[in-house]
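First up is the structure itself, then whatever we jot down about it.
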Amino acid sequence: MTDTVEVRAELLMRVRERLATGVADPTPEVMAEAIRAEAGGVLGDTDLLAALRFLQTELVGAGCLEELLSEPDVADILVVGPRQVWVDRGQGLQLSDIQFTDDDAVRRLATRLALGAGRRLDDAQPWVDGQLENVGRRGHTVRLHAVLPPLAVDGTCLSLRVLRPATHDLAALIRAGAVAPDAAALLQTVIDARLAFLVVGGTGAGKTTLLSALLGQVGAGERIVCVEDAVELAPRHPHVVRMVARTPNVEGVGTVSVRDLVRQALRMRPDRIVVGEVRGAEVVDLLSALNTGHDGCAGTLHANSTAEVPARMEALAALGGLDRAALHSQLAAAVQVVFGVRRSADGTRGLHEIGLVDRGTGGWVHIDPVWTADRGFLPAAARLAALLRTRVDAPEVVG
């Protein structure tokens, strides 16, 4: 603009205050009218356009991050202060060219997004975890996390994860190389035999994608009830009931947890109960559901390998008041197979290992490897094949 920086900042502050007291949505037309009114008619077209762009960044959507959110392959946007905006497009994190004017601009964006998620973010509550709907030009669902200074030493930290419905079917994963053909037949047989299974892996490894594809292979006559903390599962199946947890509002009330919804799912005449991600005390209710005649149930779990599953579930079960011995007893009775997915260094994701849940002589559960991507079928495959034959007249697909 043609005036000094101080005059420009004062003008834009007055425009923001005018818009904040108005009742109309801050559309480009409304913002342009407010700018003209506060400028007293002395603003040229070029300056008006510059001011309008600035206000759109400050007041609408995800601000200067909108262009990243509009890209179809962006999975994560991570902001560390005003100069570091990292983006993951599926090949690992890369530093983008986008920068904020200062850390106050990052803080304003984080605070505004938090309000959009119905949460509070200020000095008294310096972090937030929430979910945003219809973000960006593509209308994404986005998981939001932010931390303010001085807790965040290098400036306001803002994390946005784009949640896209997992719609790939098993055939698409095979074509893409995410599932090896020799393992694909075993996956289908596990589904047909109604074995209960978990899909495990690290963050962004493709757990939900594989689970959604497997649910698409379930018989059309079965009723699937899915419980998630964010809507991601979208299996190609004619009878899916989806429920999503609810976070507390700005007053800290209104919470509906995944654990609450698992209990409701038990009363909805499910053939299979699916928990989008087991990350807390709901593991107790899931194991209870798996042990009450609901065969073929499933869930995802954050673990770096199938071997880590017992220890990971011990930690979660403790949150629900279930001791180690009880957890191992229920786990051995409830889950038969574990599928492990992994994200490689080049960003590709896929099925890496299949494990069989086994209870040793001491009563503790461990996971025996049945198949790995680099070694193929292993000796434990014979025991899984025997288990499958007791549940379904299956062809020989392992060993």
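The values are calculated or read from the model by the stated rules, or taken from the named source; none is laboratory data. Note that the coordinates shown come from a computational prediction; the quantities given were computed from them, not determined experimentally. Counting neighbours? That spans all protein chains shown, and the Cβs are built from the backbone with ideal geometry, glycine included.
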Being in contact with a Leu (Cβ under 7 Å, 6 or more places away or on another chain), assigned to a helix (DSSP H, G or I) and surrounded by 22 or more Cβ atoms within 10 Å (Cβ to Cβ), is that true of even one residue in the range 253-271? yes
Starting from residues that are surrounded by fewer than 21 Cβ atoms within 10 Å (Cβ to Cβ) and of a type in the set (S, T, N, Q), keep the ones in the range 145-173 and report whichever is modelled with the highest pLDDT. SER159
Across the range 229-252, what is the total count of residues that are touching a helix residue (DSSP H, G or I) at 6+ places or on another chain (Cβ under 9 Å) and assigned to a loop (DSSP other than H, G, I, E, B)? 8
If you check THR300 against the conditions, is it under 19 Å from ARG391 (Cβ atoms), out of contact with any Pro (no Cβ under 9 Å at 6 or more places or on another chain) and among the hydroxyl-bearing types (Ser, Thr, Tyr)? no
Selection status of VAL275, among the aliphatic types (A, V, I, L, M), more than 15 Å from CYS226 (Cβ to Cβ) and modelled with pLDDT under 90: no
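Per-residue answers, yes or no, for (1) over 30 Å from GLY92 (Cα atoms); (2) more than 23 Å from the chain's Cα centre (by Cα):
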position	(1), (2)
ALA184	no, yes
ASP192	yes, yes
LEU214	no, no
HIS237	yes, no
ARG246	yes, no
ASP260	yes, no
ALA265	yes, no
VAL284	yes, no
Subset of the range 99-123 [within 12 Å of ALA62 (Cβ to Cβ), modelled with pLDDT of 90 or more and surrounded by fewer than 18 Cβ atoms within 10 Å (Cβ to Cβ)]: none
Name the strands (runs of 3 or more DSSP E) wholly inside the range 313-399 in which the number of residues that are of a type in the set (Lys, Arg) is 1 or more. 337-343, 349-359
Quick one: is GLY296 small (Gly, Ala, Ser), on the phi < 0 side of the Ramachandran plot, outside any helix (DSSP H, G or I) and touching a residue at least 24 places away in the same chain (Cβ under 8 Å)? no
Taking the range 339-356, which residues are closer than 11 Å to THR372 by Cα and of a type in the set (Asp, Glu)? GLU353
